[in-house]
Amino acid sequence: YSDVSFDVAVIGGGIVGLASARELILRHPNLTFTLLEKEKELSLHQTGHNSGVIHSGIYYTPGSLKAQLCVRGAMLTYQYCQKKGVPYKKCGKLIVAVEREEIPRLKALYQRGQVNNVQDLRLIDAKAIREKEPYCRGIMALDSPNTGIVDWQLVALTYGKDFQEAGGTVITDFEASDIKVAAESAAGSAEGLKYPIIIKSSQGKEVRCRFVLTCGGLYSDRLSEISGCSSEPRIVPFRGDYLVLKPEKNYLIRGNIYPVPNPRFPFLGFHFTPRMDGSVWLGPNAVLAFKREGYKLFDFDTQDFINAVSYRGLQKLVMKNIVYGMGEIYRGVFTSAQVKNLQKFIPELSPSDVLRGPSGVRAQALDAEGNLVDDFVFDGGKGELGSRILHVRNAPSPAASSSLAIAEMIADELEKRFQL
């Protein structure tokens, strides 16, 4: 397809890229769109390696984009799954306090959820916890009945089907390795070139387009760099390993059970999550991954590793969290240490009840000061190329839950920047 030209190319076939491509083509049926994905199939990485929760929007700072997008996104997700016949379960979620000192934080979360307009939240006592989760112990919990579970990979593939049915072209096995302005358009011929941007794949194939949207997830910073835009925020990969309950122990868990989050650390802590296939996952921990798509315990990529450890922002983060990080690595290697943590919630759990499960790698954006970048980051650049490109640099968790709302926002942003 050397002569393939489109109005808009979306790079990245994860849930954010697919949702955005779908939204754009539904709004602009008269434009031509392509979606480029480096793997042989869509939604293999963060989209295909997460805990499958539809978050309701409790945790996020009131007024932040995260809060607005999550609450709206969850509502849109339920409507979408209903309409498309994608199976989901509204199994609910308890955020459980097991220590007295967690109660003020739990009450604050309840207030936050109210301000964020999360429906049907209530604080419940130990007895009510047992009614919802017979094997769970806690002194107080926040009950969120509208939290659910779904197979996000299936949702993303359904977005992809919508995109194709609306006339969009999906090209897999296309790893964007260069994004540049075609030489002949720089000559400034009066009518200019209709498709001034060339995206080259690592195998030397080319796609031409007028505008580019990148949704690269774990590689969002690299895509920005090859197009001559900023290299910050940098992506630092964190691996999360899950444990799985042995099937005969699945009766211990009915819905999602989460701890009260630790204010010092952005990850939401180890949680119990039922899956659509009936299994129960426990996890994830959060350890620095030495490879951007390294799902195995000892995966290592020299370039990714050097890239991460030479980044000043990461060095600062490590120094701030060294003790916690060491504990996470220890718990990752010795499952019995992890189970001990979980017994605070489910006393009946024993180390022999769990098996090592799958892993995911999450793209954590980090600035040079070692701060975890918590909200969405969009950027473009200057000049002929920069003014035709929009990078989604950070689409932080809960991006899957928020995907349909994120897509609306990205489409608005694209329309504004490129006057589509």
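The values are calculated or read from the model by the stated rules, or taken from the named source; none is laboratory data. No experiment lies behind these values; they were computed from the predicted model shown. Heads up, the Cβs are rebuilt from the backbone with ideal geometry, glycines too, and the neighbour counts pull from every protein chain shown. The accessibility values were calculated without ligands, DNA or RNA, using every heavy atom of the protein model including side chains. Shrake-Rupley method; radii C 1.70, N 1.55, O 1.52, S 1.80 Å.
Miscellaneous remarks
- Residue check, residue 238 at pLDDT below 95 and either of a type outside the set (D, E, K, R) or open to solvent by 20 Å² or more (accessible area, probe 1.4 Å) (or both): yes
Table: residues versus (1) without any contact (Cβ under 8 Å) to a residue 60 or more places away in the chain; (2) among the acidic types (Asp, Glu).
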| position | (1), (2) |
| --- | --- |
| 75 | yes, no |
| 78 | no, no |
| 94 | no, no |
| 112 | yes, no |
| 115 | yes, no |
| 118 | no, no |
| 131 | yes, yes |
| 136 | no, no |
| 152 | no, no |
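- Selection status of residue 135, on the phi < 0 side of the Ramachandran plot and either in a loop (DSSP other than H, G, I, E, B) or acidic (Asp, Glu) (or both): yes
- Here residue 89 does not qualify as in contact with a strand residue (DSSP E or B) (Cβ under 6 Å, 6 or more places away or on another chain), at pLDDT 95 or above and either buried (at least 22 other Cβ atoms within 10 Å of the Cβ) or small (Gly, Ala, Ser) (or both).
- Residue match in segment 157-176 (condition: within 23 Å of the chain's Cα centre (by Cα), closer than 27 Å to residue 64 by Cα and hydroxyl-bearing (Ser, Thr, Tyr)): yes
- In segment 200-215, the residues that are in a loop (DSSP other than H, G, I, E, B) and open to solvent by 20 Å² or more (accessible area, probe 1.4 Å): 202, 203, 204, 205
- Residue match in segment 388-406 (condition: closer than 15 Å to residue 10 by Cβ and assigned to a helix (DSSP H, G or I)): yes
- Filter result for the condition that a residue is in contact with a Ser or Thr (Cβ under 9 Å, 6 or more places away or on another chain) and open to solvent by 30 Å² or more (accessible area, probe 1.4 Å), over 388, 393, 417: 417
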